[in-house]
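First comes the structure, then the notes that go with it.
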Amino acid sequence: MMGLYLRAIVFYLGMAVLTVPFSLLALLLLPLPAVTRSRWVAGWAHSVMWWLKVTCQLSYEVVGRAHIPDTPSIILAKHQSAWETIALQAIFPPQVWVLKRELLMIPFFGWGLWAVGSIPIDRSSGREALKKLVTHGKHRLKRGLWVVIFPEGTRTMPGEHGKYHIGGAWLASHTQSVVVPVAHNAGRFWRKNSMLKYPGVIQVVIGAPIDTTGLKPDAVNRLVETWIETQMLSL
């Protein structure tokens, strides 16, 4: 167990070292197009994934890469740990996240999030938050960026099934965008509220794109939830 703690400490130290220069790079790249900026900053995610494998012997495999569309889409993913917030940047094309606005206040990390055009929301503002999500999401998609949303909102433990909030489906329905569902078992190795990283191979499954044309948000949400939670039973 002590070895796991030491590996985790080394990982976090390296992650911190990587975060500072990439966050500053994101600020320096502000004059460049959003997609170009996002590609450069995605180097941080690739570096962190490499460092995680070196220090903690934790890697990942992806099934379904062929399902990734050629045009900017909306990613709705299972949320079990901090791992997927990093890994999805290394797996998918240039993207932005929908996130709690408080995250932008974190030194360096938050600055980088702001610089790449992440979409901060206030969940307590209800319908107003949905309006802002559609406005900003439509803008990001038109600029060639994918939008990543965790419909459960907060991390769940392995085996848990959180409530799927309507935001991601609402954005997809109101922009007639394609949705790409993603399931994974990162919570088995990088657990919620734990600094330990267990060695192994995280399994990521990318589902077939869902065409939201003519679908209401509730219908989109049900399709995504059914696919992800069914997939989780085999991970």
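Side notes on the structure shown:
- Search result, residues across segment 204-227 that are surrounded by fewer than 17 Cβ atoms within 10 Å (Cβ to Cβ) and farther than 20 Å from HIS184 by Cβ: ASP211, THR213, GLY214, LYS216, ASP218, ALA219, ARG222
- Put simply, of GLN231, GLN176 the only residue that is at positive phi and out of contact with any helix residue (DSSP H, G or I) (no Cβ under 8 Å at 6 or more places or on another chain) is GLN176.
- Pairs where the first residue, in segment 181-196, is surrounded by fewer than 21 Cβ atoms within 10 Å (Cβ to Cβ) and the second is at pLDDT 90 or above and in a helix (DSSP H, G or I), C-beta under 7 Å, 6+ apart: MET195/ALA8; LEU196/LEU4; LEU196/TYR5; LEU196/ALA8
- ALA77 farther than 17 Å from ALA26 by Cβ, in contact with a strand residue (DSSP E or B) (Cβ under 6 Å, 6 or more places away or on another chain) and among the hydrophobic types (A, V, I, L, M, F, W, C): yes
- Scanning segment 192-222 for residues that are of a type outside the set (Val, Ile, Thr) and under 16 Å from the mean Cα position of the chain (by Cα) returns LYS192, GLN203, GLY207.
- Per the listing SER173, SER234, SER177, the residue uniquely crowded, with 22+ Cβ neighbours inside 10 Å and over 19 Å from the mean Cα position of the chain (by Cα) is SER173.
- Long-range neighbours under 6 Å by Cβ, at least six apart or interchain, first residue closer than 18 Å to ALA169 by Cα within segment 60-88, second surrounded by fewer than 23 Cβ atoms within 10 Å (Cβ to Cβ) and of a type in the set (Asp, Glu): HIS79/GLU152
- Every residue from segment 187-235 that is in contact with a Lys or Arg (Cβ under 8 Å, 6 or more places away or on another chain) and assigned to a helix (DSSP H, G or I): GLY187, ILE228, MET232
- Pick from segment 55-69, criterion of a type outside the set (A, V, I, L, M) and either modelled with pLDDT under 95 or touching a strand residue (DSSP E or B) at 6+ places or on another chain (Cβ under 7 Å) (or both), ranking: farthest from ASN185 (Cα to Cα): PRO69
- Matching residues in segment 153-168 - criterion: being in a loop (DSSP other than H, G, I, E, B), under 22 Å from LYS131 (Cβ atoms) and under 14 Å from the mean Cα position of the chain (by Cα): GLY153
- Contacts under 8 angstrom Cβ, first residue in segment 1-29 being basic (Lys, Arg), partner assigned to a helix (DSSP H, G or I), 6 or more apart: ARG7/THR55; ARG7/CYS56
- Residues that are of a type in the set (Lys, Arg) and either assigned to a helix (DSSP H, G or I) or under 20 Å from MET232 (Cβ atoms) (or both), drawn from segment 141-152: LYS142
- From the list LEU27, LEU52, LEU13, LEU32, the lone residue that is surrounded by 18 or more Cβ atoms within 10 Å (Cβ to Cβ), at negative phi and either modelled with pLDDT under 95 or part of a helix (DSSP H, G or I) (or both) is LEU52.
- Residue count for segment 100-131 under the criterion of being out of contact with any Asp or Glu (no Cβ under 7 Å at 6 or more places or on another chain), basic (Lys, Arg) and in contact (Cβ under 8 Å) with a residue 12 or more places away in the chain: the result is 2.
The values are calculated or read from the model by the stated rules, or taken from the named source; none is laboratory data. The model shown is predicted, which means the values in this text are computed figures rather than measured ones. In this analysis, Cβ positions are derived from the backbone assuming ideal geometry, glycine residues included, and neighbour counts consider all displayed protein chains.
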